[in-house]
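Taken together, the values in this text are just the output of simple stated rules run on the coordinates, not laboratory data. From a predicted model like this one, the values you see are computed outputs, not experimental measurements. Cβ placement follows ideal geometry from the backbone for every residue including glycine, while neighbour counts extend to all protein chains displayed.
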Amino acid sequence: MERALTASLAVWVVFGMGVPASAYAQANEPGPPKIIHRTNPHGVGLSAPAGSTTATSPILNHGGPIILTPTIYIIWYGNWNQSNGSDTPAGQQIVHDFAGTLGGSPYFTDINGSYGVAQALLAKETTDSYSRGTRLRDADVQLVVTSAISSGRLPYDANGVYFVLSSSDVSELSGFCKMYCGWHTAATPTVGHIRYAFVGNPNRCLNACAIQTVGPNGNAGVDAMVSVIAHELDEAASDPDLNAWYDKNGSENADKCAWTFGHAQYQVANGAWANLPLGSRNYLIQRNLFHNLLPPSGPVGDYCMMDGTQN
């Protein structure tokens, strides 16, 4: 995600490591700095930008840990049993199918393997019916995660990435739909050191957090949501404590490829575009950065790709 500075250009020190990172939050937002996935700069339509096939500026290893085998935990926040065509059990199933197959795909293993990350696994899911209301602050998101762990609904897992996925009637007051579509961070509350992410349902703001108005699985909001989930998982695995892999400008791997979708796009039956078949479904997700390995052609470098062979 983008290590974008607030208007004050304040510099945060991450977890006592002395590593500069930046938060993208309102000035009155307490808590750890978060790395955001910025909103769509292209506008919404039926076509998705492919993006460049040339090398990017190098990404750098700052010495922090990675998560070798990240485990995905999902907290369904809000009401996912609505009649709006997006926040529905069928929408949840799209996310479940995606999270259950992404971690073993060439998209995840080939690209994130260049940072030392292996396969990701979907472990467990739980629900939270508005325990912090419909207007969340960053501190509320952390409390949603810690409550799920302390109550035993989810286990504590040092290799876990805990995703708070909100229904589209929930706002995140530090900038969902206005500044970002999701974010990830890490903290050490009483339950232990946790890595967690917030991703809202883009059905709330398709113009900001989706790239097309028709999704390949017929749910524009959730189809856009899985692209943000992939982005967050890539970054949480390779830079879980915000002190591992990012470039000289603070951009993490998926940031450098944000809102580009590669050159292997194809149309599905409903006319939507997709670029990743997994199981029985098709998805359109943003590319990630393949680090310092030979691309299909050209010199060694960092390239935005969909797997180990395809830009």
Task: Global size of the range 225-279 as Cα Rg and Dmax, reported in angstrom - done: 13.9, 43
Open item on the list: Principal axis extents for the range 131-253, Cα atoms only, whole Å, descending order, please.
Closed with: 41, 39, 26
Task: Karplus 3J(HN,Hα) series, Hz, for the range 195-202 with 6.51 cos²θ - 1.76 cosθ + 1.60 (x for Gly, Pro) - done: 10, 8, 9, 10, 9, x, 6, x
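Relative contact order for the range 88-218 using alpha-carbon pairs under 8 Å, separation at least 6, rounded to a whole percent?
Relative contact order, the range 88-218: 20 percent.
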Open item on the list: Given a 10 angstrom Cα cut-off, can you work out which residue in 167, 238, 57 is the most mobile in a GNM of the chain?
Closed with: 57
Open item on the list: If each DSSP helix of 4+ residues adds -39,500 (n - 2.57) and the sum is divided by the residues in the chain, what number results at 222 nm, nearest 500 deg cm²/dmol?
Closed with: -5500 deg cm²/dmol
TODO: Could you go through the range 264-270 in sequence order and give the Karplus-derived ³J(HN,Hα) for each residue, using 6.51 cos²θ - 1.76 cosθ + 1.60 with θ = phi - 60°, rounded to whole Hz, and x for Gly and Pro?
DONE: 10, 6, 8, 8, 9, 4, 7
Open item on the list: Given an 8 Å cut-off on Cα distances and at least 6 residues of separation, report the relative contact order of the chain as a percent.
Closed with: 26 percent
Task: Inter-label distance, nm, simple model (7 Å from Cα along the C-beta direction), residue 124/residue 263 - done: 4.5 nm
TODO: Please tell me the relative contact order of the range 71-155 in percent, rounded to the nearest whole number, where contacts are Cα pairs under 8 Å and at least six residues apart.
DONE: 39 percent
- [ ] On a C-alpha basis, how far is the centre of the range 143-195 from the centre of the range 249-311 in Å? Whole number, if you could?
- [x] 26 Å
TODO: Could you calculate the FRET efficiency of residue 178 with residue 84 from 1/(1 + (r/R0)^6), where r is the beta carbon distance between them and R0 is 25 Å, rounded to 0.05?
DONE: 0.75
TODO: Going by C-beta contacts inside 10 Å, put 184, 96 in order with the fewest on the left.
DONE: 96, 184
- [ ] Just subtract the alpha-carbon distance of residue 300 and residue 153 from 0.36 nm times their residue separation and send over the number in nm, one decimal.
- [x] 48.4 nm
Open item on the list: Among 159, 94, 127, whose Cα projects farthest towards the positive end of the dipole of the range 83-167, with charges put on the beta-carbon of Lys, Arg (+1) and Asp, Glu (-1)?
Closed with: 127
Task: Antiparallel content of DSSP bridges confined to the chain, in %, to 5 - done: 50 percent
